[in-house]
């Protein structure tokens, strides 16, 4: 579970009449000040370059974080991140969507820091109605500290897809027919934080944060949300809209092939194959993944 603690062009609203209904989808811009608010860190989070760049920093005293001003119920969410370079052992950069309450839904990207020269671990998880324990972990096929890369979530009523530079790495399908809860009724905000987790993040907590390397900094740019905004108890999208392809998007044959490639070459942990953890049988969704 992630820690709880868009250019300057205006964000346009697409309003598309269809018969007597209107379909309203949030567009984004690169202006972080328009889309996000810094929530903690006592000055360690900064919006720079006319709010086109956002940085989070961590030192021995504190980390930092931000959240979206909007809540969303389904969408295609993109963010470009450049992770903490060098010896980032013990640090976690979390980027996720989450709802409120004790039975919350959540979709997680977490980047587990490393010793210099070791690969970052990308940790993913899905919570539905307060239940998680659906971890999959990956190495990346590039250095995520050398440049910005795009990390995306496609979330529609049928599936959740995690993507890296538009390559799918994980798909979590709606299998409510099997009794598996699926996030589909609780609006979620976007959160991100940079924090110290050296009790578990790097080699199970055996490698601690080297504070002589602080401050640690992660950078963000080019946020984009093609999504349904939740406001005053209502969604800006109609579920039967035919104008927003992502609402019913699924992986085509080429995308499924890329997904299999990533999982074959770069997946390092999959809860659906952990027999020690599930000696009585794997979770139901594992039978259809």
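The numbers here are math on the coordinates, done by the rules we state, and not lab data. It should be emphasised that the depicted structure is a prediction, and the values quoted were computed from it without experimental measurement. Here the Cβ is made from the backbone with ideal geometry for all residues, glycine too, and neighbour counts use every protein chain on show.
Summary table
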quantity	calculated
Separation of alpha-carbon centers, segment 225-284 and segment 137-186, rounded to whole Å	5
Exposure proxy ranking, count of Cβ atoms within 10 Å, fewest first, for 145, 39	39, 145
Taking 248, 128, 51 and counting other C-beta atoms within 10 Å, the order from fewest to most	248, 51, 128
Calculated [θ] (222 nm, deg cm²/dmol) that DSSP helices of n ≥ 4 give over the chain, each run adding -39,500 (n - 2.57)	-1500 deg cm²/dmol
Compactness of segment 98-247 - radius of gyration and Dmax, Cα, Å	17.3, 54
Burial ordering of 151, 266, fewest other beta-carbon atoms within 10 Å first	266, 151
Estimated distance in nm for a label pair at residue 185 and residue 33, the labels positioned 7 Å out from Cα along Cα-to-Cβ	4.0
Gain in span if fully extended, residue 272 to residue 102, counting 0.36 nm per residue against the direct Cα distance	58.7 nm
Value of Rg to Rh for segment 22-154 (Rh from inverse mean 1/r over Cα pairs, i.e. Kirkwood)	0.96
Two-decimal Rg to Rh for segment 189-289 - Kirkwood Rh, Cα set	1.06
Bins of 10 Å from zero: percent of alpha-carbon pairs in segment 13-288	6, 28, 36, 23, 6, 1, 0
